[in-house]
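Comments concern the structure below.
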Amino acid sequence: MKRFVIVFSNEPEDAAPWVARACASAKLKFVDNDPITTEISRIPEAQKQFLQSNLPPGENPALAPHYQAALEKVAGRETRVGLYSLSWLLYLGQADGCVLDFSALESQRKQGLAAGMKQKDVDAYVAKFTQQMRDRASKHVPRERILELPAGEPEARKLELSADFIRKLG
């Protein structure tokens, strides 16, 4: 089944509450990762691949068919879905759009400084992982279909910007 899929990321944290609300506002069904994980845990071949691989699950393309099968089961007949985590881009091979929120990395910047790390080291860490997120998204999604939320925006504004962006995509 062809689906309209938007992938959200605020990694390394879990999905923020505004993500599900943005999906609802843009008429997407937000598919939480927990039921997907439950479905994958029921697939013997997936378990075998988890145990035999040295790659983290989100970086192992061999798991893609299992994640796709789990999505089919969990999402059912929903044709418009929102997913959380850039790993979905690897599993799906593409998406119709991607919303990147770097606020979790900015929080890590503050934590690092509070813990006594040097400004240049914290800045380098944030820059490195920000670029990794951008690169991963742009590998699977055309640049014009990626929304980078401005740093420091309140959740209500993130929800508004995301929902408007998604509506423009389809």
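The values are calculated or read from the model by the stated rules, or taken from the named source; none is laboratory data. Quick caveat: nothing in here was measured; it's all calculated off a predicted structure. Cβ placement follows ideal geometry from the backbone for every residue including glycine, while neighbour counts extend to all protein chains displayed. Only protein heavy atoms, including side chains, enter the accessible area calculation; ligands, DNA and RNA are left aside. Shrake-Rupley method; radii C 1.70, N 1.55, O 1.52, S 1.80 Å.
In the full protein assembly as shown, how much of Tyr125 is accessible to a 1.4 Å probe, in Å² to the nearest 10?
Here the residue's solvent-accessible area equals roughly 90 Å².
Which whole-Hz couplings ³J(HN,Hα) result when phi for each residue of region 6-21 is put into the Karplus expression 6.51 cos²θ - 1.76 cosθ + 1.60, θ = phi - 60°, listed in order with x for Gly and Pro?
Values per residue, Gly and Pro as x: 10, 9, 10, 8, 9, 5, x, 8, 6, 4, 6, x, 5, 5, 5, 5 Hz.
For region 45-135, with only Lys/Arg (+1) and Asp/Glu (-1) charged at the beta-carbon, what is the dipole magnitude about the Cα centre, in debye rounded to 20? Intermediate results must be reported in sequence, preceding the final value.
Values: 10 positive and 10 negative charges, 41 e Å.
The calculation lands at about 200 debye.
Which pairs break 32 Å Cα to Cα here: Lys27/Lys118; Lys27/Lys120; Lys2/Lys48?
Where the Cα-Cα span goes over 32 Å, the pairs concerned are Lys27/Lys118; Lys27/Lys120.
Top to bottom by accessible area (1.4 Å), largest first, where do Lys168, Lys128 land?
Correct descending sequence by accessible area is Lys168, Lys128.
How do Lys48, Lys118 stack up against each other in accessible area, from largest to smallest, with a 1.4 angstrom probe?
Accessible-area ranking of Lys48, Lys118, largest first: Lys118, Lys48.
Using θ = phi - 60° and the Karplus form 6.51 cos²θ - 1.76 cosθ + 1.60, what ³J(HN,Hα) does each residue of region 101-113 get, whole Hz, x for Gly and Pro?
10, 9, 5, 5, 5, 5, 5, 5, 4, 4, 5, x, 5
Based solely on its DSSP helices, what 222 nm [θ] is calculated for the chain when runs of n ≥ 4 H residues each add -39,500 (n - 2.57) and the sum is averaged over all residues, nearest 500 deg cm²/dmol? Let's see the in-between values first.
On the way: 8 runs with 94 residues, N = 170.
Mean residue ellipticity at 222 nm (helix-derived): -17000 deg cm²/dmol.
Using only C-alpha positions, report the orientation-averaged shadow area of the convex hull of the chain, nm², one decimal.
Taking a quarter of the hull surface, the average projection is 10.5 nm².
Name the residue from Phe102, Thr130, Leu169 whose Cα lies farthest towards the positive end of the charge dipole of region 69-170, charges +1 on Cβ of Lys and Arg and -1 on Cβ of Asp and Glu.
Farthest along the dipole direction, towards plus: Thr130.
Name the residues whose placed amide hydrogens come within less than 5 Å of the amide hydrogen of Val99, ignoring near sequence neighbours (fewer than 5 apart) on the same chain.
Under 5 Å from the amide H of Val99 lie the amide H atoms of Val7, Phe8, Ser9, Leu147, each far enough along the sequence or on another chain.
Assuming R0 = 30 Å, can you tell me the calculated FRET efficiency for the pair Glu148 and Lys48, based on Cβ-Cβ distance, to the nearest 0.05? Before the final figure, lay out the partial values.
Values: r = 38 Å, r/R0 = 1.26.
Once the sixth-power term is evaluated, E becomes 0.20.
Using a 1.4 Å probe over the heavy atoms of the protein chains, calculate the carbon and sulfur portion of the accessible area of the chain as a whole percent.
Of all accessible area on the chain, carbon and sulfur atoms account for 53 percent.
In region 82-170, what is the volume of the convex hull around the alpha carbon atoms, normalised per residue and reported in Å³?
99 Å³
Highest GNM mean-square fluctuation, the chain, Cα pairs closer than 10 Å: which of Leu86, Leu113, Leu149?
Leu113
Could you put Phe8, Phe30 in order of accessible surface area, largest first, with the 1.4 Å probe and the full protein assembly present? Walk me through the numbers on the way to the answer.
Details: Phe8 0, Phe30 45 Å².
Largest to smallest exposure gives the sequence Phe30, Phe8.
Would you kindly derive the ³J(HN,Hα) couplings of region 148-154 from the backbone phi angles with the Karplus curve 6.51 cos²θ - 1.76 cosθ + 1.60 (θ = phi - 60°), listing them in order in whole Hz, with x for Gly and Pro?
9, 6, x, 4, x, 6, x
Scan around Lys29 for amide H atoms under 5 Å from its own, H built in the peptide plane at 1.01 Å from N, and keep only partners 5 or more places away or cross-chain.
Arg80, Val81, Gly82
How much accessible area per residue does the chain have, counting only protein heavy atoms and a probe of 1.4 Å, in square angstrom?
With all protein chains present, the chain gives 54 Å² per residue.
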